[in-house]
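Peer 1: Provided herewith is a single structure, encoded as structure tokens, for subsequent inquiry.
The values are calculated or read from the model by the stated rules, or taken from the named source; none is laboratory data. Every value quoted in this text rests on a predicted model; they were computed, and no experiment measured them. Because the Cβ atoms are built from the backbone with ideal geometry, glycine has one as well, and the counts that use them run over all protein chains shown. The area values use the complete protein model at the heavy-atom level, side chains included, leaving out ligands, DNA and RNA. Shrake-Rupley method; radii C 1.70, N 1.55, O 1.52, S 1.80 Å.
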Amino acid sequence: MLGTAERALLERLEDEQVLERAFRVRTGRAAAPDEAPALPARAAGLLAELSQTSAGRDAVVRARQGDTHALDALLDASTETARSPRLLHHLALFHGAVAEAARGPDPSPMLRSVDCWALLCCESDYLRALAERVAGGALSRAELDEAIAGAALAPILREGAHLAAGVEAHTASARVGLERLRAVGTHAFPAAVTDEMCDRFRREAERLTRRALDASLATLTDRFAQAEADPRGPDAERAVLADAARLYAWSGNDWYIALFALEKAMGTGWSLYKAKRWEALSHLCETLRAVVDDAAVRVSADRAALPYASLVAQMLVFRAEMGKTLGLRITDAERALELCDTHRNARVILADLLAERATDTLDRTGVIGRDAALEVALRDLARADQLWPGLPRVVSLRKRIDRMSGVSA
């Protein structure tokens with residue numbers, strides 16, 4: 001027969017095993033028989049806190065017997081429900097450990113940890129009393145506040161560290177960190193968390209995101225400056241721009257990376273254009289296709305992005321000139337003109353492309369359907385005249401139409 005102390009110790013050891021199993025299931029790490037526990041023994045205090053309610057006690061007892069469904073439900077229960085500060089603290093640490101061990105796309109464990117810390121910050125007396133016990137009077141009030149803030153922001157700081165460490169190499173773990181930090185920005189915090197506290201967590205997530213991406217941008221900026229002095233000229237610049245396009249895609253279409261790529265590509269594009277290096281310019285346009293397309297959408301929808309309309313329009317004009325399919329070339333030129341209706345190059349190129357389409361229409365015209373074809377060609381020429389009056393190609397085509405329709409010169 002076990003005494004009270006022995007029974008308590010046995011239950012504590014069972015709780016350690018139960019929580020370890022729950023942790024490993026959530027992190028996808030099946031334990032080998034001789035593998036050391038992933039959680040510290042004190043983490044089992046979480047189950048002791050859960051056992052303070054009848055539902056919690058029943059869930060823990062069933063988990064010890066192998067049925068973890070009720071325990072899982074309690075671990076994942078909404079933090080909107082009333083929780084004691086000690087239980088919130090244990091849950092914050094548990095879900096934080098899960099988030100750190102399971103570097104997958106699901107941000108839920110990290111967000112649960114963040115929720116618990118945010119709620120604890122609103123229970124400032126608990127965290128302060130805990131910090132004072134740990135510090136034992138060795139820290140000033142300001143230092144205690146800093147330590148509390150660091151502990152509360154720990155889940156976010158860890159993701160920022162993963163992002164900073166892997167942004168240059170575009171690692172999977174860094175990408176997970178990036179997505180999790182962005183998830184904090186759109187996360188709906190528990191109702192009990194004050195707006196000020198929500199903003200604090202969101203600002204820190206945004207700061208860490210921006211710092212890491214800006215550091216990577218700074219590297220690209222330095223490389224581009226070196227490329228500008230490189231004897232290979234635009235070819236060296238194109239290599240940097242290709243890396244910028246890859247960073248843009250990896251970052252989930254970061255606007256500041258797009259601006260860097262577009263602003264630098266403008267100079268490179270004109271250098272290739274003036275050198276008549278059409279194949280290289282076409283390759284540059286394809287490399288930046290997604291960047292340009294996304295930027296066009298943003299400029300159209302966001303007034304704050306309007307100052308970049310001319311820049312995006314010129315990249316679309318390059319594409320319109322370098323494209324292989326007339327229909328797509330006209331689409332790019334039309335889009336450039338929609339973004340910036342005074343863009344000179346867009347107007348000239350679109351007018352010329354419309355004249356090219358009119359030429360194709362006339363070349364395909366036989367006796368049957370001639371009148372309809374002439375009407376279609378005339379509409380394109382009328383639009384071309386509107387965009388850029390007096391284009392020699394348009395004047396020549398009008399004379400051809402006059403001859404085809406029997407109009408004397």
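Peer 1: Considering only protein heavy atoms and a probe of 1.4 Å, how much of the accessible area of the chain is carbon and sulfur, as a whole percent?
Peer 2: Accessible surface attributable to carbon and sulfur in the chain totals 54 percent.
Peer 1: May I pose another question? Can you tell me the 0 to 90 degree angle between the C-alpha axis of helix 278-287 and the longest principal axis of the chain, rounded to 10?
Peer 2: Approximately 30 degrees, to the nearest ten.
Peer 1: For region 358-409, what is the accessible area per residue in Å², given a 1.4 Å probe and the full set of protein chains?
Peer 2: Result: 65 Å² per residue.
Peer 1: Then there is this: Loop only by DSSP, 13 or fewer other Cβ within 10 Å of the Cβ. Give me the trypsin sites (Lys or Arg not before Pro) in region 210-276 that pass, ordered by residue number. It would help to have the intermediate numbers written out before the result.
Peer 2: Details: sites: Arg210, Arg211, Arg223, Arg232, Arg238, Arg246, Lys264, Lys274, Lys276; in loops: Arg232, Lys276.
Sparse-neighbourhood loop trypsin sites (Lys or Arg not before Pro): Arg232, Lys276.
Peer 1: To the nearest 500 deg cm²/dmol, what mean residue ellipticity at 222 nm is calculated for the chain from DSSP H runs of n ≥ 4 alone, each contributing -39,500 (n - 2.57), summed and divided by the residues? Intermediate values should be presented prior to the final figure.
Peer 2: Working: 20 runs with 305 residues, N = 409.
So the helix-based figure for the chain works out to -24500 deg cm²/dmol.
Peer 1: Below 14 Å, Cα to Cα, which aspartates and glutamates can Lys264 reach? Residues fewer than 8 away in the same chain don't count.
Peer 2: Those aspartates and glutamates meeting the cut-off are Asp222, Glu228, Asp235, Glu237, Asp243.
Peer 1: Heavy atoms of the protein only, probe of 1.4 Å, neighbouring chains included. What is the accessible area of Glu11 in Å², nearest 10?
Peer 2: Here the residue's solvent-accessible area equals roughly 70 Å².
Peer 1: Measure out, as a whole number of angstrom, how far apart the alpha-carbon centroids of region 138-198 and region 273-344 sit.
Peer 2: Using only Cα atoms, the two centres lie 38 Å from each other.
Peer 1: Go ahead and set up a Gaussian network model of the chain, Cα springs under 10 Å, then flag whichever of Ala244, Ala192, Ala304 fluctuates most.
Peer 2: Of Ala244, Ala192, Ala304, the Gaussian network model singles out Ala304 as fluctuating most.
Peer 1: How about region 299-343: which trypsin sites (Lys or Arg not before Pro) there lie in a loop by DSSP and see at most 16 other Cβ atoms within 10 Å?
Peer 2: Hits after loop and neighbour filter: Lys324.
Peer 1: Quick one: check the C-alpha center-to-center distance for region 239-257 versus region 86-111, whole angstrom.
Peer 2: Region 239-257 and region 86-111 have Cα centres spaced 30 Å from each other.
Peer 1: Express the accessible area of region 1-156 per residue in Å², computed with a 1.4 Å probe while the remaining protein chains stay in the model.
Peer 2: On a per-residue basis, region 1-156 sits at 54 Å².
Peer 1: Express the relative contact order of region 265-409 as a whole percentage, based on alpha carbon pairs under 8 Å and six or more residues apart in sequence.
Peer 2: For region 265-409, the relative contact order is 16 percent.
Peer 1: Give me the net charge of Arg289's neighbourhood, meaning all other residues with Cβ under 12 Å from the Cβ of Arg289; Lys, Arg count +1, Asp, Glu -1.
Peer 2: Numbers: positive: Arg319; negative: Glu286, Asp293, Asp294, Asp332.
That sum, taken over residues with Cβ under 12 Å, equals -3.
Peer 1: Right, something else. Using the heavy atoms of the protein chains and a 1.4 angstrom probe, tell me the accessible area per residue for region 262-313 in square angstrom. Provide the component values of the computation, followed by the final result.
Peer 2: Details: 2730 Å² over 52 residues.
For region 262-313, the solvent-accessible area averages 52 Å² per residue.
Peer 1: Ordered by packing density, taken as the mean number of other Cβ atoms within 10 Å over each peptide's residues, highest first, how do 156-164, 126-134 rank?
Peer 2: Averaged packing, sorted descending, gives the order 156-164, 126-134.
Peer 1: Which whole-number percentage describes the relative contact order of the chain, with Cα contacts under 8 Å and a sequence gap of 6 or more?
Peer 2: 7 percent
Peer 1: Between Met315, Pro389, Gly406, whose Cα lies farthest towards the positive end of the dipole of region 256-409 when Lys and Arg beta carbons carry +1 and Asp and Glu beta carbons carry -1, centred on the Cα centre?
Peer 2: It is Gly406, whose Cα lies furthest towards the positive end.
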